[in-house]
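The values are calculated or read from the model by the stated rules, or taken from the named source; none is laboratory data. This one's a predicted model, so the numbers in the text were calculated from it and none came from an experiment. Ideal geometry is used to build each Cβ from the backbone, glycine not excepted, and the neighbour counts take in all protein chains shown. Surface areas here come from the heavy atoms of the whole protein model, side chains and all, with no ligands, DNA or RNA. Shrake-Rupley method; radii C 1.70, N 1.55, O 1.52, S 1.80 Å.
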Amino acid sequence: MNFLQDAFVQHADRELLVGDLSATYGEVRGRVFEEMPLKTRSLAILAISEGTDALLGYLACVLQGLIVLPVPESLGNDQLTILVETYRPKYVLTKSDKNLDSLPSNFSSGTKNLFSSNFNVYECLKGGTQFEDTDLRLLLSTSGTTGDPKLVKLSENNLHKNTIDICNSIN
């Protein structure tokens, strides 16, 4: 289990309040595994920018041990297709109102509901990037100092320490 899974188990009876969502951590964890089962260690592009939908999509991926590459929801289909061809994700998640007809033909699509959020989940039927690095959790896009797009790898340990630092600064 990763630290986020541990926290959701440890605080299963506590209420998670985000936007219009009112559920316990245990309910969120249970529904994620029941409603949106995804393959561990796979790359998922998450094209949802903000709000409850973005949080639930992110949690659905991270709680199941996926590596998430968040991209702006406003990214055009052509740009998103280039990212898919470049990074070969196992999954692409979008809000249900965004259709990705331009994805390669080896992707299937389905609509998943998680509480009041509806997602399109596009799954690569053959292939899809799998990671051996069991600590990798998040990829963030940056242009760095050169202006060339790059991905920064964040480990579970990085995210855990950052979470603790944020919590400590709030107290």
Original post:
Got a number for the accessible area of Glu34? Probe 1.4 Å, square angstrom, nearest 10.
Top reply: 130
Original post:
For segment 35-99, what is the Kirkwood estimate of the hydrodynamic radius, computed as the reciprocal of the mean inverse distance between distinct Cα atoms, to one decimal in Å?
Top reply: 11.9
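How large a share of the accessible area of the chain, in percent, is made up of carbon and sulfur atoms when the probe is 1.4 Å and the other protein chains stay in place? Provide the component values of the computation, followed by the final result.
On the way: 4530 of 9270 Å².
Whole-percent figure for carbon plus sulfur exposure: 49.
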Original post:
Which value in deg cm²/dmol, rounded to the nearest 500, describes the helix-derived mean residue ellipticity at 222 nm for the chain, given -39,500 (n - 2.57) per DSSP H run of n ≥ 4 and division by the residue count?
Top reply: -10000 deg cm²/dmol
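With +1 on each Lys and Arg Cβ and -1 on each Asp and Glu Cβ, and nothing else charged, work out how big the dipole of the chain is about its Cα centre, in Debye to the nearest 20.
360
With +1 on each Lys and Arg Cβ and -1 on each Asp and Glu Cβ, how big is the dipole of segment 82-162 about its Cα centre, in debye rounded to the nearest 20? Spell out each step's value before the answer.
Working: 10 positive and 9 negative charges, 27 e Å.
Rounded to the nearest 20 debye, it is 140 debye.
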Original post:
In a shell of Cβ-Cβ distance under 10 Å around Leu138, excluding Leu138 itself, what net charge do Lys and Arg (+1) and Asp and Glu (-1) give?
Top reply: +1
Original post:
Which entry is the computed Cα extents along the principal axes in Å for this structure: [x] 73, 32, 26; [y] 43, 38, 29; [z] 54, 31, 30?
Top reply: [y]
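So, counting K/R as plus one and D/E as minus one, what does the shell of residues with Cβ under 10 Å around Ser116 add up to?
On the way: positive: none; negative: Asp20, Asp53.
The answer is -2.
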**OP:** Just grab the label-to-label distance for Lys153 and Ala12, each label 7 Å out from Cα along the Cβ direction, in nm (one decimal).
**Re:** 3.4
**OP:** For segment 27-52 and segment 119-161, write down the distance between their C-alpha centroids in whole Å.
**Re:** 15
Original post:
Ranked by accessible surface with a 1.4 Å probe, highest first, in what order do Leu114, Leu55, Leu125 come?
Top reply: Leu125, Leu55, Leu114
Original post:
Any idea of the accessible area per residue across segment 34-93, 1.4 Å probe, to the nearest Å²?
Top reply: 37
Original post:
Ordering Ser116, Ser96 by how much accessible area each has at a 1.4 Å probe, largest first, what is the list?
Top reply: Ser116, Ser96
**OP:** Can you find, among Gly76, His160, Pro89, the residue farthest towards the positive end of the dipole of the chain? Put +1 on the C-beta of Lys and Arg, -1 on that of Asp and Glu.
**Re:** Pro89
